[in-house]
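The structure appears below as structure tokens.
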């Protein structure tokens, strides 16, 4: 059984008018038939650039000679060869679903793109997108930390430092800006921060030497995560008053975190002597693993 589409294409009673011109309309292909009267319909392109489906009979008899633009007095302005910002129009491309003319353009950077004529003439589109990218890169050329692949690691560290001290909406706010940790005002500008601290060494990030002071000259260094783990305050939920010592059951437990692994150091009686011994076990382990970066506070 042949499909309706095959039937209308092979129906000898339908004259093939593909490629013929009728006024401002050029027939591109057979489209189908009208639902009720089964009149043949054709896909046509108007000289104004609009694509429209038309019945065959009005085309042949001359009753339809345009998409409707002729009666509205609309004429498509040919902008081939004209320049708009970084774009030069090469040729007419087609139309959008909303029947707006589109044009094929070449950009000064070498890319090609398709743009609506209204956007070109209204100066809303001036490039393939390279102009916006160039402006972003130019904004950071003084420090060279912005590349086509993204911002440098040093820049991302600075941005994170600034955000957790100035934005109450971030998760880390309570441990930084929320408790009074601030960024040295000149360091709110990346260029000043970069001039003072330089590039972040591989495997290291920003660390405050004195935990209760802000990010400021003399109180910041590049440190490994192991070094930073020894420069943290005693947790607010620590009931023993000693770093690395917690209460478990009827005794004290000493433990230390090294490179993300929690090492068990011993179990001690729930007495003043047991607390002292647990704290000493932690101190000795910290000196062993962290050396000069060990901090007892």
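The values are calculated or read from the model by the stated rules, or taken from the named source; none is laboratory data. What you see is a predicted model, and the numbers here were worked out from it, not measured in a lab. With ideal geometry, Cβ positions are generated from the backbone for all residues, glycine too; neighbour counts draw on all protein chains shown.
Any residue at all in region 12-26 that is at pLDDT 80 or above, within 46 Å of the chain's Cα centre (by Cα) and part of a strand (DSSP E or B)?
Scanning region 12-26, I find at least one residue that is at pLDDT 80 or above, within 46 Å of the chain's Cα centre (by Cα) and part of a strand (DSSP E or B), so the answer is yes.
So, residue 94, is that one part of a strand (DSSP E or B), within 45 Å of the chain's Cα centre (by Cα) and touching a residue at least 40 places away in the same chain (Cβ under 8 Å) or not?
yes
Matching residues to (1) modelled with pLDDT of 90 or more; (2) farther than 16 Å from residue 21 by Cα:
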position	(1), (2)
44	no, no
58	no, no
61	no, no
72	no, yes
87	yes, yes
111	no, yes
114	yes, yes
126	no, yes
130	no, yes
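Mind checking which residues of region 160-174 are surrounded by fewer than 17 Cβ atoms within 10 Å (Cβ to Cβ), part of a helix (DSSP H, G or I) and in contact with a helix residue (DSSP H, G or I) (Cβ under 8 Å, 6 or more places away or on another chain)?
166, 172
Could we say that residue 254 is modelled with pLDDT of 80 or more, surrounded by 12 or more Cβ atoms within 10 Å (Cβ to Cβ) and under 22 Å from residue 155 (Cβ atoms) here?
The answer is no for residue 254.
Regarding residue 291, is this residue modelled with pLDDT of 85 or more and assigned to a helix (DSSP H, G or I)?
no
If residue 234 passes every condition in (1) exposed (fewer than 15 other Cβ atoms within 10 Å of the Cβ); (2) at pLDDT below 90; (3) within 23 Å of residue 152 (Cα to Cα) but one, which one does it miss?
All conditions are met except number (3).
Can you tell me how many residues within region 32-51 are under 42 Å from the mean Cα position of the chain (by Cα), surrounded by fewer than 19 Cβ atoms within 10 Å (Cβ to Cβ) and part of a strand (DSSP E or B)?
Residues in region 32-51 being under 42 Å from the mean Cα position of the chain (by Cα), surrounded by fewer than 19 Cβ atoms within 10 Å (Cβ to Cβ) and part of a strand (DSSP E or B): 3 in total.
Name the single residue, out of those in region 104-127 being crowded, with 20+ Cβ neighbours inside 10 Å and out of contact with any helix residue (DSSP H, G or I) (no Cβ under 6 Å at 6 or more places or on another chain), that is farthest from residue 45 (Cα to Cα).
Restricting to residues being crowded, with 20+ Cβ neighbours inside 10 Å and out of contact with any helix residue (DSSP H, G or I) (no Cβ under 6 Å at 6 or more places or on another chain), the top hit is 127.
Could you list, in sequence order, all residues of region 198-215 that are in contact with a helix residue (DSSP H, G or I) (Cβ under 6 Å, 6 or more places away or on another chain) and either outside any loop (DSSP other than H, G, I, E, B) or at positive phi (or both)?
Hits for region 198-215 are 205, 206, 207, 215.
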